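Q: Sending over a structure as structure tokens; questions will come in a sec.
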Amino acid sequence: MRRTRRRQDPERTRVAILEAACTLLAKDGPEGLSVSQVAQLAKVNRGTAYQHFQTREQLLEATTAWVSEKLRRAVFGDAPLSNAVATLGDAQGVAQRMAEFAMENPALGRVWLFELLASSRPASDPFWNQFKTSLERFAASDQAQPGIDVDVHAVIVLIGTLLWPIFVRADSRTAKQRRQLVERFSNEMLRLSLQGTMRPEKFPELDAHLRATRGDRPRRAGTAK
């Protein structure tokens, strides 16, 4: 009886290769990455892996872009870049979703962040492009404090968000503990934003939310902070 050959699924194979590449990058860094090692970990033929990625550099670039797109979709959904202005009213949601992705994917977040910081072409990165564009539009609106340095602010936020799970050893925490750590981080980022980049009077709901989490009493009109 003749065996029927299993049809190959190029996209599934590609994803398996990229997932294996992320695992090796998190473990050994870019210097330890090779197409042959990734093929072995992904359990695909080495020749097949080379059909997808001819060089280590191509594999590294593709893996970084793949993680970036996963992060972009987790934070912004399917909204196109032209709708980045819509995130102005969802500052808390954006911060929360970024923190959640980072807490559930600490290795992926770290790999992507370090590759972004080392990149000579950060503008080509999907998440960075949309995140920075959103910040630029926010900084140009009447909801923002004047004089925001968007590049500096974006890097500070990303470093804090993606390294917080590493610092608190997210991999060894329970799901409940990870949710609590996300809440702690997003509330602190909200506090910093309301007292730094945002004009609090433009975001009364966020101001009230933050005060509720701290147990503060509502401010009376005309009183100092």
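The values are calculated or read from the model by the stated rules, or taken from the named source; none is laboratory data. Just so we're clear, the structure is a prediction, and the values are computed from it rather than from any experiment. Cβ atoms come from the backbone with ideal geometry, glycine included; neighbour counts cover every protein chain shown. When the accessible area is computed, the model is the full protein with side chains, heavy atoms only, and any ligands, DNA or RNA have been set aside. Shrake-Rupley method; radii C 1.70, N 1.55, O 1.52, S 1.80 Å.
Q: Residue by residue through segment 53-84, note down the ones that are assigned to a loop (DSSP other than H, G, I, E, B), at pLDDT below 90 and either within 25 Å of Gln37 (Cα to Cα) or open to solvent by 40 Å² or more (accessible area, probe 1.4 Å) (or both).
A: From segment 53-84, those assigned to a loop (DSSP other than H, G, I, E, B) are 53-55, 77-80; that's our starting set.
The next check asks that each one be at pLDDT below 90; those that pass are 77-80.
Passing the criteria: Asp78, Pro80.
Q: Checking Leu33 against (1) modelled with pLDDT of 90 or more; (2) surrounded by 17 or more Cβ atoms within 10 Å (Cβ to Cβ), only one condition comes out false. Which one?
A: (1)
Q: Separate question: Quick check on segment 96-124: of everything there that is in a helix (DSSP H, G or I) and among the charged types (D, E, K, R), which residue is nearest to Thr63 (Cα to Cα)? It would help to see each step written out before you state the result.
A: The first filter runs over segment 96-124 and keeps only residues in a helix (DSSP H, G or I), leaving 96-104, 106-118, 122-124.
Imposing the further condition that a residue be among the charged types (D, E, K, R) reduces the set to 97, 100, 104, 110, 115.
Values: Arg97: 21, Glu100: 21, Glu104: 18, Arg110: 13, Glu115: 10 Å.
Residue satisfying both the conditions and the ranking: Glu115.
Q: So which pairs qualify, if the first residue must be in segment 141-165 and more than 25 Å from Lys176 (Cβ to Cβ), the second must be part of a loop (DSSP other than H, G, I, E, B) and open to solvent by 30 Å² or more (accessible area, probe 1.4 Å), the Cβ gap must be under 9 Å, and the two must be at least 6 apart or on different chains?
A: Note: pairs meeting the criteria are Asp142/Arg199; Gln143/Arg199; Ala144/Arg199; Gln145/Gly196; Gln145/Arg199; Ile148/Gly196; His153/Gly196.
Q: Here's another thing I want to ask about it. Residues of segment 125-148 being open to solvent by 40 Å² or more (accessible area, probe 1.4 Å) and outside any helix (DSSP H, G or I), which ones?
A: Restricting attention to segment 125-148, the residues satisfying the condition of being open to solvent by 40 Å² or more (accessible area, probe 1.4 Å) are 126, 129, 132, 136-137, 140, 142-143, 145-148.
Of everything in segment 125-148, those that are open to solvent by 40 Å² or more (accessible area, probe 1.4 Å) and outside any helix (DSSP H, G or I) turn out to be Ala140, Asp142, Gln143, Gln145, Pro146, Gly147, Ile148.
Q: Quick check on my filter: what residues within segment 190-208 are in a helix (DSSP H, G or I) and over 12 Å from Ala95 (Cβ atoms)? Step through it out loud before you land on a result.
A: Step one: list which residues in segment 190-208 are in a helix (DSSP H, G or I), which gives 190-194, 200-202, 204-208.
Pro200, Glu201, Lys202, Pro204, Glu205, Asp207, Ala208 - these are the residues of segment 190-208 that are in a helix (DSSP H, G or I) and over 12 Å from Ala95 (Cβ atoms).
Q: Hey, any hits in segment 158-171 for a residue that's assigned to a loop (DSSP other than H, G, I, E, B), surrounded by 13 or more Cβ atoms within 10 Å (Cβ to Cβ) and modelled with pLDDT of 95 or more? Walk me through it before giving the result.
A: Residues of segment 158-171 that are assigned to a loop (DSSP other than H, G, I, E, B), as a first pass: 168-169.
Okay, now just the ones that are also surrounded by 13 or more Cβ atoms within 10 Å (Cβ to Cβ), so 168.
With the extra rule that they be modelled with pLDDT of 95 or more, the set shrinks to 168.
The answer is yes; a qualifying residue exists.
Q: Take the residues in segment 180-202 that are in contact (Cβ under 8 Å) with a residue 40 or more places away in the chain, surrounded by 15 or more Cβ atoms within 10 Å (Cβ to Cβ) and not polar (S, T, N, Q); name whichever of them is farthest from Leu135 (Cα to Cα). Working first, answer last.
A: So in segment 180-202, the residues in contact (Cβ under 8 Å) with a residue 40 or more places away in the chain come out as 181-182, 185-186, 189-190, 193, 196-199, 202.
The next check asks that each one be surrounded by 15 or more Cβ atoms within 10 Å (Cβ to Cβ); those that pass are 181-182, 185-186, 189-190, 193, 197-198, 202.
If we keep only those that are not polar (S, T, N, Q) as well, we get 181-182, 185, 189-190, 198, 202.
On the way: Leu181: 24, Val182: 21, Phe185: 19, Met189: 15, Leu190: 15, Met198: 11, Lys202: 16 Å.
Across segment 180-202, the extreme among qualifying residues is Leu181.
Q: Further question on the same structure: Give the residues of segment 35-57 that are within 18 Å of Asp9 (Cβ to Cβ) and of a type in the set (Val, Ile, Thr), sorted by residue number.
A: Of everything in segment 35-57, those that are within 18 Å of Asp9 (Cβ to Cβ) and of a type in the set (Val, Ile, Thr) turn out to be Val38, Val44, Thr48.
Q: Still on this structure: Find all pairs meeting these conditions: Cβ atoms under 6 angstrom apart; at least six residues apart or on different chains; first residue within segment 86-99 and under 11 Å from Met189 (Cα atoms) and of a type in the set (D, E, K, R); second residue modelled with pLDDT of 75 or more and not in a helix (DSSP H, G or I).
A: Short answer, once both residue conditions are applied: none.
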